[in-house]
Amino acid sequence: MNDLKKNKSTFLRILLSRHHHSQLLTPCCCGGKDQHDNVLLRRVACGDCLQAELLCRQCWINKHRTMPTHWALVWNKAERFFDKYDFSRVLKNGAIRMGHNGEGCPDAQVGRSFTLVERNGIHATAIAFCGCKTETSPDGKKHSLSHYEQLTHAGIFPGSVKEPGTGYTLGLLEYYRQQRSQGKGSAYNFVLVLQRQADRFFAGGVPDIYKNFLAITRFYEFLQIIVESGEAHGLDNPLPNEVALPYPNRPQGFLGVNCAACPEPGVNMPLVVKVPRYLR
């Protein structure tokens, strides 16, 4: 601690210097021009990337198509400071695009308002769903994936199945799962932290996700138990070319933890065991 205190002035100087950038308002590396034939300038920094360079608005969007939960720091020329923007506000009509690895879909739907929750806060953003017809229904007709399926494929767990307006990244759900298990924190306090991550001064204006968050985290925990118990891999069915079940004494649909030490005939002990009479 004493060594840290001796270098206090250096730490303060560096922390303050991070509110400005030497590349600010210099020509962007893309060499592009706007509709008035003016060279695009570096105006946007990233609040989550490490050692990221300043970029013009379009380059920042292109770089963050697969990282839409990063906060954009856009230079406010009038007030001379960086404004904190969501991905969809960096460019007009900007939206997170589903499918095509984040690139634009030729049949994309119009962007719609969407609340996206990540560990760095609650994002009031917009999502444009893919309109490509890639799935075949039982009647042989092609149709596009439903919205909740597209979100789940992209790593966003939907807040509902019908017309989802809220989503949670899988990383956030797993982080909360471990936080609740190891840190014993409440969901209410966890949501408060997310609101202040989005806006520490006006947290009341951030979307309230508490009730929906409770339902989704419970359902996600249920799904993870099914996966981790092996139920999702067909433990209730015999193995290929086998007649007997892999765990014959396991009840159908059992989601508990199997004890590796408990005797299981045919699993961790022979099917027939010869026991001396005096041990019976």
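The values are calculated or read from the model by the stated rules, or taken from the named source; none is laboratory data. Keep in mind it's a predicted model, so treat the numbers as computed, not measured. For neighbour counting, all protein chains shown are included, and Cβ atoms are generated from backbone atoms with ideal geometry for every residue, glycine included.
Of all residues in the stretch 265-280, those that are assigned to a loop (DSSP other than H, G, I, E, B), within 22 Å of ASN237 (Cβ to Cβ) and either at pLDDT below 75 or in contact with a strand residue (DSSP E or B) (Cβ under 8 Å, 6 or more places away or on another chain) (or both) total 3. Among the conditions (1) surrounded by 13 or more Cβ atoms within 10 Å (Cβ to Cβ); (2) outside any helix (DSSP H, G or I), the only one that PHE201 does not satisfy is (1).
Evaluated against (1) part of a loop (DSSP other than H, G, I, E, B); (2) within 15 Å of the chain's Cα centre (by Cα), LEU173 falls short on exactly one condition, (1). Filter the stretch 38-94 down to residues that are over 19 Å from GLY111 (Cβ atoms) and assigned to a helix (DSSP H, G or I) and give me whichever is farthest from the chain's Cα centre (by Cα). The selected residue is CYS59.
Residues in the stretch 141-170 that are of a type in the set (A, V, I, L, M) and crowded, with 20+ Cβ neighbours inside 10 Å: LEU151, ALA154, ILE156.
Picking from residues in the stretch 18-37 that are under 30 Å from the mean Cα position of the chain (by Cα) and hydrophobic (A, V, I, L, M, F, W, C), the one that is surrounded by the most Cβ atoms within 10 Å (Cβ to Cβ) is CYS28. Against the conditions (1) buried (at least 18 other Cβ atoms within 10 Å of the Cβ); (2) out of contact with any Gly (no Cβ under 8 Å at 6 or more places or on another chain), LYS184 satisfies every one except (1).
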